[in-house]
Every structure is written in structure tokens, then in C-alpha cells.
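Novice: Got a structure for you, questions after.
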Amino acid sequence: MSDFKNLPLLLLDNSSMMSVLNEGEYKCYNITFEEARHILEIHNEEDILRCFNNADIETIMFDYLGITKKNFTYKHIRNMRPNQDAIVFKLYVTPSETQPELVTEEGAQAKKIQNVYVYCQHLIRLS
């Protein structure tokens, strides 16, 4: 493990974030995709734990953040340790104000029902 406090960087989504917030003081702030990409790039692959099972979030990470696809080790984490960092990929879903319809390549009719947005947060356990 490289020298990032000897604690792995955690990659979280909406629900896994809620499971790691137990004891302690935390600081959480919004970061840009560029900042999230930079944090991921300065860590070695073996120093990062993926704490979610969501293919959509992985697609966002690799396709929209522009980072090289990596196979981060999955581990269910229940508690962050003091001085441990995490990047949280938060999905924000709103109903679609319009419901346009289209025909798929297979000929099926599809209707837009919601908008999906993503944003990133940096979470640190202080104590």
C-alpha cells in the first residue's frame, strides 16, 4: 500500500455512504469531476476499495470522469477509520418534466420517465 496514511481510499455511492457514517466526526464537501479524477489518479489501484455494486456508477466513473478502467477490489465497509478518505458518487434522480417517446433500434416504444444526475463528494472522517 502506498503512503496515503496506510488507509485505503473508499469509493462509495448513496447507500454505502450511509452505512459508513457511524461514530466520529466527518467533513463532506462537493468536488468536481476533475478533482475526483485527480484523487483517483494519485492513488494506486491496490489502495482503493470499491464499496458498492452498481454498474451505472462504474460507467460514470470510467466513461464520464475519463479515468482508465480499473478493477478496484470490492469490500463492504461498515465504518470509516479516523483520517480515512472517500469519494462518494451521488445519484440525483428527478422526474422528467417531459415524457418524450421514441422507438428503439429493436422497434420497441420507450418513454423518458426521469432524469439522472451525478455529482461527487469528498468525505473525510476526522476523528
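The values are calculated or read from the model by the stated rules, or taken from the named source; none is laboratory data. Just so we're clear, the structure is a prediction, and the values are computed from it rather than from any experiment. Cβ placement follows ideal geometry from the backbone for every residue including glycine, while neighbour counts extend to all protein chains displayed. These accessible areas exclude ligands, DNA and RNA; they are computed on the full protein's heavy atoms, side chains included. Shrake-Rupley method; radii C 1.70, N 1.55, O 1.52, S 1.80 Å.
Novice: Which ones in segment 53-83 are within 12 Å of Leu11 (Cβ to Cβ), open to solvent by less than 80 Å² (accessible area, probe 1.4 Å) and in contact (Cβ under 8 Å) with a residue 12 or more places away in the chain?
Specialist: Asn54, Ile57, Ile60, Met61, Leu65, Ile67, Lys70, Phe72, Ile77
Novice: Collect the residues in segment 22-52 that are touching a residue at least 60 places away in the same chain (Cβ under 8 Å), within 16 Å of Leu7 (Cβ to Cβ) and open to solvent by less than 70 Å² (accessible area, probe 1.4 Å), keeping them in residue-number order.
Specialist: Of everything in segment 22-52, those that are touching a residue at least 60 places away in the same chain (Cβ under 8 Å), within 16 Å of Leu7 (Cβ to Cβ) and open to solvent by less than 70 Å² (accessible area, probe 1.4 Å) turn out to be Gly24, Tyr26, Ile39.
Novice: Can you confirm whether segment 67-80 contains a residue that is more than 17 Å from Leu123 (Cβ to Cβ) and of a type in the set (D, E, K, R)?
Specialist: Yes, that holds for at least one residue.
Novice: Could you say whether any residue in segment 98-112 is under 20 Å from the mean Cα position of the chain (by Cα) and open to solvent by less than 80 Å² (accessible area, probe 1.4 Å)?
Specialist: No, because not a single residue in segment 98-112 is under 20 Å from the mean Cα position of the chain (by Cα) and open to solvent by less than 80 Å² (accessible area, probe 1.4 Å).
Novice: What are the residue pairs meeting all of these: first residue in segment 94-110, first residue of a type in the set (S, T, N, Q), second residue open to solvent by 100 Å² or more (accessible area, probe 1.4 Å) and assigned to a loop (DSSP other than H, G, I, E, B), Cβ atoms under 6 Å, and 6 or more apart or on different chains?
Specialist: Ser96/Ile113
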